[in-house]
C-alpha cells in the first residue's frame, strides 16, 4: 500500500512539474516576444516591462484557475465536445479579463486613458490575448488527452480485475461451504456434542472467510488456522483414515497469500485423493521461504491418473485465476505425480518486494 501511495505521489509530482514548466515557458516566451515587439514601436521603458511581467503572472494564474475549475467540476469525464466547448468559453472569458487588465495597467502605469477608448488597439489586444489563450487550451487538451485515456484504461482494468476476483471467490465459497455441511450432517444424530464442536469450527472458518473477503489476501498463518478447523471437520468423516502432518516455517506464516488458497488445495487433496481410497491416506502441508519466493506444498496419497481425478477441478482453476489476477504470471500452481503414490500441489508466490501485477 505504501509503495502504491509513494508511486502515485511521484507520478503526481512529475505531472505537476511538467505542467508548471509548460506554463512558465509558454507564457514567458509569449511575454518576451510581446515586450520586445512593443519596445520596437514605443521604445524601452519601465512601465512596459512591468506591464508584461504582470501579464505573465496573471495569465498563468487565470489559465491555472481554468484548469482547476475543469478538474473540480470533472469536465474531462464528460463528452469531448462538451469539454472543448467549456474550455473555449473559459478561454474567451480569460481573453476578456486579460484585455481589461492590460488596458488598466496602461492607464495606471502611463496614464493613457485612450487604452480604453480607442477601438482598434483594444480589439487588437483582445484578439491577440484570446488567440493565445485558445492555443493554450488546445495544447492542454492535446497534451493531457493521452494521459486521461491511459488513466481511464487503468481504471477499467482495475475494475475488471476486481469484478473477476470477486466472481472467482464467489465460486469457491459455496463449494467449500457445501462440503463442510456434508461432513457435519452425519454427526448431528450420532454424536451431537461433536456436531456442536464441528459447527463451531465451521463458524470459525466462515468468520475467517467473511472477515478477509474484501482484502483478497491474508497471512498464511491465518489460512493454516482455518485449514485446521476444516481438517477437524473432515476427521469426523474419515476418523483414522486421514493422517495429517503440517510444517510451516515461522517466517512463512506472516506472508500474505490469497484468501482460501490453502483451504482449496487441502480440500482438493482430500476430495480427489484420500476420499477415493478405502484405507484413506496421508496429507502433508509444508510452507517454506525460498530466495524471493513463498513455496507452499500440499501432498496427499493418490494419483492424478485416477479416473475420478481427471474431471475438472473448479477450485484449482479458480485458484490459478486468482493467482494470475493478483500476481500476474509471477505466481504458479502445479500438480505433479510422484512415483510413490503421491500427488503434490505446489504454489510459488513472489515475496512482497518482488510482486508485480501483470
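Based on the Cβ-Cβ distance from residue 254 to residue 84, what FRET efficiency comes out when R0 is 56 Å, to the nearest 0.05? Between residue 254 and residue 84 the formula returns 0.60. Structural size metrics of the range 186-354, computed from C-alpha coordinates, are Rg and Dmax of 16.1, 51 Å. Stretching the chain fully between residue 40 and residue 104 yields a gain of 20.9 nm (0.36 nm per residue, less the alpha carbon separation). Look at 178, 238 and count the other Cβ atoms within 10 Å of each Cβ; fewest to most, that gives 178, 238. The slack between residue 237 and residue 191, meaning 0.36 nm per residue of separation minus the straight C-alpha distance, is 15.4 nm.
Values quoted throughout were computed directly from the atomic coordinates according to the rules given, and no laboratory measurement underlies them. Bear in mind the structure is a predicted one, so any value in this text is a computation, not a measurement. Methodologically, a virtual Cβ is constructed for each residue, glycine included, from the backbone with ideal geometry; neighbour enumeration extends over all protein chains shown.
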